[in-house]
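The values are calculated or read from the model by the stated rules, or taken from the named source; none is laboratory data. Computed from a prediction, not measured in an experiment: that's the story for all the values here. Cβ placement follows ideal geometry from the backbone for every residue including glycine, while neighbour counts extend to all protein chains displayed.
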């Protein structure tokens, strides 16, 4: 059987929910699992993924079809996981690109898997936007709802929402992203570190901060392993 790639769109539409943290986590996960990886940073205002994982990442502009087409191009030729870190308020541009060229239909024909990682802080705006995304893409893709506990501890609005019901109807998955120690995360972010570098390189992280990053990754990897299986 021909090996095929997997496209992963990391979004959530609302700003500040932690999309780039999830994108960086997935990048490090597949690097550590020795899986081929290509990453694209569509958040031109922040370029966080490009800053932390520059060796694997290139920039794309969703508003320009020729640029956005690089996303699909990276999924062709050989098997790899392709991560796309989406900016806030990008739903319209992404939808126009995906439907304008029938990207999801072509991916299905070629056997390329597509997963939307909907990152949420559990707030009203976030939940409503995720409900809209589920309605838009429905069974055309796989859906993972990421409850980011680094942004909120209360996801009751999602748990009682039509979005959760819709996710269940689509056989989607909920993924609880644990909180990383704020001090360690601040240093990782401010120094532009990969999670590997936070643990292993010569940085300003103290030994116990390194240990917290290591334990956080282990928790996340166990959850991702379970999700993959």
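Tally time: how many residues in the stretch 93-114 are part of a helix (DSSP H, G or I) and under 10 Å from residue 141 (Cβ atoms)? Please lay out each step first, then the result.
Just the residues of the stretch 93-114 that are part of a helix (DSSP H, G or I), to begin with: 93-100, 103-110.
Restricting the remaining residues to those that are under 10 Å from residue 141 (Cβ atoms) gives 98, 104, 107-108.
Number satisfying all stated conditions: 4.
Out of all the residues in the stretch 179-195, which are in contact with a helix residue (DSSP H, G or I) (Cβ under 6 Å, 6 or more places away or on another chain) and surrounded by 15 or more Cβ atoms within 10 Å (Cβ to Cβ)?
Passing the criteria: 180, 181, 184, 188, 194, 195.
Which condition number in (1) buried (at least 22 other Cβ atoms within 10 Å of the Cβ); (2) within 25 Å of residue 176 (Cβ to Cβ); (3) more than 14 Å from the chain's Cα centre (by Cα) is the one that residue 98 fails?
So the condition that residue 98 fails would be (2).
Just the residues that are in a loop (DSSP other than H, G, I, E, B) and either touching a residue at least 60 places away in the same chain (Cβ under 8 Å) or not assigned by TED's automatic domain parsing to the domain that holds residue 99 (or both), please, taken from the stretch 34-67. If you could, list the steps in order and put the result at the bottom.
First, pick out the residues of the stretch 34-67 that are in a loop (DSSP other than H, G, I, E, B): 34-36, 42-47, 53-56, 60-64.
Correct list: 53 only.
Could you check the stretch 150-202 and list, in sequence order, the residues that are in contact with a strand residue (DSSP E or B) (Cβ under 8 Å, 6 or more places away or on another chain), closer than 30 Å to residue 56 by Cβ and assigned to a helix (DSSP H, G or I)?
167
Among the numbered criteria (1) farther than 30 Å from residue 105 by Cα; (2) in contact with a strand residue (DSSP E or B) (Cβ under 8 Å, 6 or more places away or on another chain), which single criterion is violated by residue 142?
So residue 142 meets the others, but not (1).
For the condition crowded, with 17+ Cβ neighbours inside 10 Å, out of contact with any helix residue (DSSP H, G or I) (no Cβ under 8 Å at 6 or more places or on another chain) and either over 20 Å from residue 224 (Cα atoms) or in contact (Cβ under 8 Å) with a residue 60 or more places away in the chain (or both), what is the one hit in 142, 151?
Details: 142 fails: either over 20 Å from residue 224 (Cα atoms) or in contact (Cβ under 8 Å) with a residue 60 or more places away in the chain (or both).
Of 142, 151, the one residue that is crowded, with 17+ Cβ neighbours inside 10 Å, out of contact with any helix residue (DSSP H, G or I) (no Cβ under 8 Å at 6 or more places or on another chain) and either over 20 Å from residue 224 (Cα atoms) or in contact (Cβ under 8 Å) with a residue 60 or more places away in the chain (or both) is 151.
Against the condition under 17 Å from residue 43 (Cβ atoms), in contact (Cβ under 8 Å) with a residue 24 or more places away in the chain and out of contact with any strand residue (DSSP E or B) (no Cβ under 8 Å at 6 or more places or on another chain), how does residue 70 come out, does it pass? Can you show your working first?
Numbers: under 17 Å from residue 43 (Cβ atoms): yes; in contact (Cβ under 8 Å) with a residue 24 or more places away in the chain: yes; out of contact with any strand residue (DSSP E or B) (no Cβ under 8 Å at 6 or more places or on another chain): no.
Spelling it out, it is not the case that residue 70 is under 17 Å from residue 43 (Cβ atoms), in contact (Cβ under 8 Å) with a residue 24 or more places away in the chain and out of contact with any strand residue (DSSP E or B) (no Cβ under 8 Å at 6 or more places or on another chain).
Give the residues of the stretch 1-30 that are in contact with a strand residue (DSSP E or B) (Cβ under 6 Å, 6 or more places away or on another chain) and part of a helix (DSSP H, G or I), sorted by residue number.
Scanning the stretch 1-30 gives 19, 20, 22, 23, 26, 27, 30.
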